[in-house]
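Working notes, beginning with the structure itself.
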Amino acid sequence: MISHKPHSRKGETQPFLSHLSQPITKTIRSAKFEHNGGIPLTFQRLLQTLNIKDSNNFDVERQISGICSDSRQVKSGNVFVALRGQKSDGHHHVLSALRAGAIAVVGEERPPALPSHIPFLPVEDSRAALASLCDAFYGHPSSRLKLVGVTGTNGKTSTVHMLKHIFTLAGKTCESIGTLDGGLTTPDCEELYRRLHEYAEDGCEYVFMEVSSHALEWKKVSALRFALGIYTNLTGEHLDFHGDMRAYAKAKAKLFPLCVKSLFNADDPYVGEVSQGAGEAYTYSCGESSPFRALHARWSEKGGLQYDFLFPGGMTRIRCPLFGRFQVYNTLAALSASRLLGIDIEAAKSAVTVMPFVKGRLEKIDIGERDFSLYIDYAHTPDALEKVLKTLRETMGEGEKLILLFGCGGDRDRGKRRLMGQIASRYADVTVLTSDNSRSEDRREILNEILRGIDKESAYTVIEDRKQAIEYCLSHAKAGHRILLAGKGHEEYEITAEGKKPFSERDIVRKYLEL
C-alpha cells in the first residue's frame, strides 16, 4: 500500500511512495550515438543497438535507410523487424519485405524462407528490439525532450489536452500525441519515434502523450525515458485483450519504471498494483492522504467547477469552466503534474480558468436558440458512461429529462455490454440503443447483448442505424431535454464489416436542425 512520507522542508516536494526505489528499466539498447534522422545508420551501429557482438561477416559499414515492421511499407535499404501479432506473424512476410527492398531481417527465429545471404539478426523480443532500433535511428528523441506519459482507462485525452493548454499559456513550446490525432492512442514505433524526433528538431520542450495498455504490453515506449508518468484510473476495458483486471493493471504498471517521476491517483483502487516499480512517486487525491489535493469541490453546468488546490507549500482556489467530478480529477492531475514539472502555480491557475472543452468529452454542441441541449461524449466503457450520466443528472433542474443514445463496439470486450445497458436504465430517462463501430460483428447481436442489461420497465427503443437514431432523438426533443450522444466523441467515422467510412454526428445534427 502507499504510505505517506513527510516533507523535509516546508514548500519542498518530496517523494510520496516511500516503499519504492529509484527506477530505471534497462532496455536492450546499448549503443550511444546521435542520429538526426537524415543520416542512415550503419550495420555496425545496428548491431551495437541490439547488443549483438558477432557480425557474421556482415558489411558493417553498410548504411540502413530506415526501420520497418510492416512488410507493405518497407522501402529500399530498410531493416525489417518481424513481429508476432494477434492475427499475423511478421516472420511469415519476410519475402514480401525483401522484394520491397529490405536488406536485413530482425526476428525471434530465422524464417525458413529467408535466403542464406540475407543478414538475420536474432533477438529474444522483436517488439523491444523495434522500439530500441527506432529510438536509435531517430537519435534517442526522449533525451532531447521532456516527455510526459499519461495512462489509465479514462482521462488520458483530457489530461493531455489540459497539460498542453497550461504549458502553452505558461510560455513553453509543446506538442501532444494521442487519441485526438485520429489514429491509435499511442502510434506504432516507426511513427512515434519519428514524430518525437521531429518535435525535438523543431525546438519543442515538452511532449504530452497518451500511453495505452496495448502500447505498454507491446513495448512501443520501452526505449523512451519519461520526465513524468501519470496514472489516472483503471476500470473494466480491453479485457478481451488483457484477460482480467489484474493483467490490465500489470500492463499499466509497465510505464512507471521508465519515468524519472510518477504521479498516481490515490483514490483509485488499483493504485497499489500500478505503482509497483515506480521510483520517485507522488499522489493526488480528493481525500486526505496526498500532497496534491482537491478540497471542497463543487460544480454546475453554468458555473463550471471550483475547489481548493492544496499542494506542497501552499493552497489556492481553482476555477474552471468545465464541470463534473471526473473533471475535478483531470484538472487536479494536470495541476499536480504542472507543479512537479516546475510551472508557476499562478500561471497554471490562470490557464485552468480559461480551459477549453476537449472535443468529444462532454462537449456541449451549439444548436442555436433551442429549449433543449445536446452533448457528445466519448464514453464507451461502463465507468465512463456512468460518470458522464451522473454528471449530467447532478446538474439537471426540476422537470428536465436525460435522453441517452449509445451502442457498443464490435470485436471488443463483450462483457461490458450488459453492464452499460444496466447503467443506461439506471441514469437515463429514455435510452436509444443503436450501432457504434460494429466492425465484423452483426450489430443486432451486439444490441441484443446490451438489451440483456436494460430494465424492461424503463423507457427505451432500438434503432439500428445511428444516423436515424440521432434524428429520432432530435425529432422528439422537448423543452428541458438533455440529449447525450455517447460513444463516438471526437470520432468522425463509422467502422463496419465493409470498412471505415466518414460519419460525423455533428454534421448530422447541423443538417437536421438546419444550422
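Side notes on the structure shown:
- For the stretch 336-372, taking the residues that are aliphatic (A, V, I, L, M) and in a loop (DSSP other than H, G, I, E, B), the one that is farthest from the chain's Cα centre (by Cα) is identified as 367.
- Strands (runs of 3 or more DSSP E) enclosed by the stretch 91-189 - at least 3 residues per element that are in contact (Cβ under 8 Å) with a residue 12 or more places away in the chain and buried (at least 17 other Cβ atoms within 10 Å of the Cβ): 104-107, 146-151, 174-177
- Boolean, residue 500 is in contact (Cβ under 8 Å) with a residue 60 or more places away in the chain, within 23 Å of the chain's Cα centre (by Cα) and in the same structural domain as residue 403 (by TED's automatic domain parsing): no
- Selection status of residue 196, surrounded by fewer than 19 Cβ atoms within 10 Å (Cβ to Cβ) and touching a helix residue (DSSP H, G or I) at 6+ places or on another chain (Cβ under 9 Å): no
- Of all residues in the stretch 424-436, those that are within 17 Å of residue 482 (Cβ to Cβ) have Cβ atoms under 8 Å from Cβ atoms of residues that are surrounded by fewer than 19 Cβ atoms within 10 Å (Cβ to Cβ) and among the aromatic types (Phe, Trp, Tyr), 6 or more apart or on another chain, in 432/472.
- Which listed residue, of 114, 133, is modelled with pLDDT under 95, outside the structural domain of residue 253 (by TED's automatic domain parsing), touching a helix residue (DSSP H, G or I) at 6+ places or on another chain (Cβ under 9 Å) and farther than 30 Å from residue 234 by Cβ: 114
- Just so you know, in the stretch 444-457 the residues that are outside any loop (DSSP other than H, G, I, E, B) and free of Cβ contacts under 8 Å to residues at least 40 places away in the same chain include one that is farthest from residue 433 (Cα to Cα), and it is 445.
- Sole residue being within 20 Å of the chain's Cα centre (by Cα) and on the phi > 0 side of the Ramachandran plot, chosen from 171, 182: 182
- Close Cβ contacts (under 7 Å, 6 or more residues apart or on different chains) running from residues in the stretch 216-227 that are over 9 Å from residue 130 (Cβ atoms) to residues that are assigned to a loop (DSSP other than H, G, I, E, B) and of a type in the set (A, V, I, L, M, F, W, C) comprise 216/255; 221/211; 227/341.
- Complete set of residues in the stretch 47-88 that are over 31 Å from the mean Cα position of the chain (by Cα), surrounded by 16 or more Cβ atoms within 10 Å (Cβ to Cβ), at pLDDT 90 or above and not in a strand (DSSP E or B): 47, 48, 52, 62
- Of the residues making up the stretch 373-427, those that are under 22 Å from the mean Cα position of the chain (by Cα) and assigned to a strand (DSSP E or B) are 375, 376, 377, 406.
- Filter pass, residue 250 being without any contact (Cβ under 8 Å) to a residue 24 or more places away in the chain and either among the hydrophobic types (A, V, I, L, M, F, W, C) or not assigned by TED's automatic domain parsing to the domain that holds residue 417 (or both): yes
- Some residue of the stretch 192-205 being modelled with pLDDT of 95 or more, under 24 Å from residue 249 (Cβ atoms) and not in a loop (DSSP other than H, G, I, E, B): yes
- If only residues of the stretch 430-443 that are touching an Asp or Glu at 6+ places or on another chain (Cβ under 9 Å), assigned to a loop (DSSP other than H, G, I, E, B) and not β-branched (Val, Ile, Thr) are counted, the one that is surrounded by the fewest Cβ atoms within 10 Å (Cβ to Cβ) is 440.
The values are calculated or read from the model by the stated rules, or taken from the named source; none is laboratory data. Remember, predicted model here, so these are calculated numbers, not experimental data. Note that each Cβ is placed from the backbone with ideal geometry, even for glycine, and that neighbours are counted across all protein chains shown.
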